[in-house]
Amino acid sequence: MTAFELAVQDLTGIRVAGAVGADRIELCTALSTGGLTPSRGLIEAAADAGPPVHVLIRPRAGGFDYAAEEHRLIVADARAAMAAGASGVVVGGTRGGVVDTDLVRAVQDVAPEVTFHRAFDVLVDLDRALDAVLELGVRRVLTSGGAARAVDALDVLTRLVRRADGALEVMAGAGISAVNVVQVAATGVDAVHASAKRRVDDALALALGSDGGNGYETTDERAAGEILAALRGGEA
């Protein structure tokens, strides 16, 4: 079966992941920025919830070309995440348009299971990038096939799956919904990754006449359940 990874950023998301039966959690904060490293307390809460927890280690928003001091912070945060109960970590780094192999190796020294995240999609050559993470021994790569949405790069995802040939897992993410998850899974990817977000308006902002811009996003249990139901139905 194609695994279902749910990206969550709060306690609601952790609860939803368990309720719908997600195979794995990617835990972060600030999903609206692409995700940032979560707190130790949130990692511990997720680790106690059921599904395996893979923690996003990303020290700031923006690009993935990290300075030496950021390397050290990423490694320290990866070590702390494992100590807090994570099953693995999710990282990514670039150097001149290719995989930052030094960063990945340093993280592998402190975490037994590493996913290379969608920094992959900004690399110059996705085939060469896949070869690089294969050589590193990374467990999986999260990719949209270089497109804004995974469903718009089905041919690329199919090619990457064939190139990986089972030596690592290819996980498709970006714009995954109940409408397109079966199409994406049909490329042969090992997993799909979705955030299934909904917006919650902040009561104080509404009282002050705000347009809701001060609300927040959280995981939508119905949307997450519909994605998983569609995925499993498509595999029946």
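Things worth noting here:
- Among the residues of the stretch 1-58, the one identified as among the charged types (D, E, K, R), in a helix (DSSP H, G or I) and either out of contact with any helix residue (DSSP H, G or I) (no Cβ under 9 Å at 6 or more places or on another chain) or within 27 Å of residue 122 (Cα to Cα) (or both) is 44.
- Residue in the stretch 34-46 that is surrounded by the most Cβ atoms within 10 Å (Cβ to Cβ), counting only those that are over 13 Å from residue 7 (Cα atoms) and without any contact (Cβ under 8 Å) to a residue 40 or more places away in the chain: 42
- Lone qualifier among 42, 56, 36 - being in contact with a Lys or Arg (Cβ under 7 Å, 6 or more places away or on another chain) and not charged (D, E, K, R): 36
- With respect to the conditions (1) under 21 Å from residue 82 (Cβ atoms); (2) at pLDDT 95 or above, residue 48 lacks only one, and its number is (2).
- Test: residue 215 is out of contact with any His (no Cβ under 7 Å at 6 or more places or on another chain), at pLDDT below 95 and surrounded by 15 or more Cβ atoms within 10 Å (Cβ to Cβ): yes
- One residue from 158, 101 being closer than 30 Å to residue 230 by Cα and modelled with pLDDT of 95 or more: 158
The values are calculated or read from the model by the stated rules, or taken from the named source; none is laboratory data. Not measured: the values here are computed from a predicted model. For neighbour counting, all protein chains shown are included, and Cβ atoms are generated from backbone atoms with ideal geometry for every residue, glycine included.
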